Each structure stands twice: as structure tokens, then as C-alpha cells.
């Protein structure tokens, strides 16, 4: 299957989504500015700092171009970001090395504007690897925190990922999930959808044997396609305690 996340135009969209200036992501005063800074907010607004041990390790699955991974590095000693896209991972590694990276994002038609992605990560070590969330290595180990934002409804078989979570999150550790449950057959065959109108309840059923839901909140996000077209969505943000 062709990976749609290797497209150059999409790479620009995601760099803008993760690192873009507010006025570039949403240039209209009447636009949904509550959806800005989503990669950072999925960490800031869901994590329980008091429950995180000193020297914590984190796994960011579906990390895209690394915005949440760098945010986690301000809190955790070691962070591993994994994404299916070679283009995204190569870009995240370039950002890690250079700390700033020029890119282009679409204005309209064939016209593009210049942007500059900059990172400010903490003292934690960050590593990026290409990987499939549905087929993560068995020797990956376990982590104090696992983060996965807007990933579940882009997987061929979400249950393959969800079934691995009890192994990936250490007992007492935190699982941070965000998903808008945007089920599309181009990504996930209908038979593999987690619910249809009741996805939140089905997710609870799947996780409850190993996790306790500790936090639930709605997290809006906005992705700019061009200066007059935007995707505005609301992700369900949750924090779970591994028991």
C-alpha cells in the first residue's frame, strides 16, 4: 500500500501544523484559534506531572515531524518518536540536529510561502525511528509514558496497536491518547473500525482491563491546507493509568 504521508505538500502542511507561526496557520481573526498548538497541547493538557518518575522515558507513536516528541523531552529523560513516514522521520531528525529548518507551505494553486520550523526541546534525549504502529518491534521495551495523537483512526488495524499498549506502558505509567475518531475506509477497513458512533465507549472497553481512565477532555485542532481552506476537528483527549 502506498503511504500517503510521503507527499511533499503534506510534509509542508505538517511542519506548519507542528511549528508554524499562529498568523500563518490561521491568518483570519475570525478563525478557530482554539485549535492552534495541538501537538504541544496533547502533552501539556493531558499529562500528570506529579505521577511521572524522575528520569522518565516516553514513547511517541505516530510522532509525525516531532512536535510532541520535542515537547516530551522537556519532561522526560529519554524520548523515542516513531512514525510510518520516512519523510516525517527524516525531517524530525534534521530538526533535532539543526534546531531550525526552512520549509514551504501552500498559499494557493501553485504558489507557496516560506516558513521556518524551530525547536526548543529540553534536556531529554530524543530519538526518531521509522516504524509501523500496527507492528511495533517486540523488543521495544516499556515506558513510563506513551503518547499517541490522532493515530488510531489512521491505522489499518487499530486493535493491533491497542493490544500492545499493556506491554508498552509500565505499571503505574501514563497513556496519553488523542483521537477524533475520523474513520475512513481509505485508511481503516470498515471491519476494523472501533465502533461507529460509539467509538469512545468501545475504546474504554478495549483498554479497561489494563488501564483506568483518569482524564478526559476535548482538544480542538486546526490544519491549514491553503489560505482559504482549513480542517477544524475536535480530538478526544484522554489520560489513562496503567494498572
Average Cα contact separation per residue, the chain, under 8 Å, 6 or more apart, as relative contact order %: 22 percent
Compute the angle between helix 86-98 and the longest alpha-carbon principal axis of the chain, please, reported from 0 to 90 degrees and rounded to the nearest 10. 80 degrees
Within the range 27-61, backbone nitrogen closer than 17 Å to the virtual label 7 Å beyond the Cα of residue 167 toward Cβ: 59-61
Rg and Dmax of the range 4-242, using alpha carbons, in Å: what are they? 17.1, 51
Once residue 200 and residue 231 are pulled to full extension, the length gained, defined as 0.36 nm per residue separation minus their Cα-Cα distance, is 9.0 nm
Relative contact order of the range 1-100, please, whole-number percent, based on alpha carbon pairs below 8 angstrom and at least 6 residues apart. 27 percent
Looking at the range 28-135, what % of its DSSP beta bridges pair antiparallel, to the nearest 5? 40 percent
Assuming a ≥ b ≥ c are the square roots of the Cα gyration tensor eigenvalues, decide whether the range 66-188 counts as rounded (a/c under 1.5), prolate (otherwise, with a/b larger than b/c) or oblate. oblate
So how far, in whole Å, is the C-alpha centre of the range 207-243 from the one of the range 60-139? 19 Å
Honestly the range 1-114 on the Cα gyration tensor test (a ≥ b ≥ c root eigenvalues; a/c under 1.5 rounded, otherwise a/b vs b/c for prolate or oblate) is just oblate
Taking Cα atoms only, helix 8-19 is inclined relative to the longest principal axis of the chain by an angle, in degrees rounded to 10, of 70 degrees
In the chain the DSSP beta bridges are antiparallel at a rate, in percent to nearest 5, of 60 percent
Per DSSP helix of 4 or more residues, -39500 (n - 2.57); summed, then divided by the residues of the chain. What does that give at 222 nm, rounded to the nearest 500? -6500 deg cm²/dmol
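Every number in this text was worked out from the coordinates using simple rules, so none of it is lab data. Since this is a predicted model, take the numbers as computed values, not measurements. Backbone-built Cβ (ideal geometry, glycine too); neighbour counts: all protein chains shown.
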